[in-house]
Amino acid sequence: MGREIGYGFTNAQRQELWDRYQRGESLNAIARALGKRSSSIYNHLRPSGGIRPVSRKRSRLALRSAEREEISRGIVAGQSIRGIARTLGRAASTVSREVRRNGGCARYRAVDADKSAWDRGRRPKLCKRAVGAISCRQA
């Protein structure tokens, strides 16, 4: 079975929930079909206001997990950050920030770094206009 995500739903259950909701089924009917309580269906729909959220995907510019593995192997082999960056075809600053952000050379692990990057991208963020407005008022 799939991995449980928020409110005890698997990925397949989440897809089915949104499909049924968009077809206009009631919360009670969806809950019966999924074997859940209607309150958990409501709690799943509420944060997005009943609009199906866009599925998450990584930017094409972000480091891929294979690149993170290569960074990890380079660190173990004793290569310099610039050498690793040259191998990957990336800027040395990109590799340096990646390593520093994820525990430094002594503690860098590709799998953990990849998971952390995914989690950091998920955190709630202020929109750019709000950030600009805040910084202008403080100046």
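Just checking, how many residues over segment 44-89 are free of Cβ contacts under 8 Å to residues at least 12 places away in the same chain, more than 24 Å from T10 (Cα to Cα) and assigned to a loop (DSSP other than H, G, I, E, B)?
Residues meeting the conditions: 8.
If I ask for residues that are crowded, with 16+ Cβ neighbours inside 10 Å and of a type outside the set (G, A, S), which ones from segment 54-78 would you list?
Passing the criteria: L63, E67, R68, E70, I71, I75.
All of the numbers you see were taken from the coordinates with simple rules; none came from a lab. All values derive from a computational prediction rather than experimental measurement. Cβ sites come from the backbone with ideal geometry, for glycine too, and all protein chains shown count toward neighbours.
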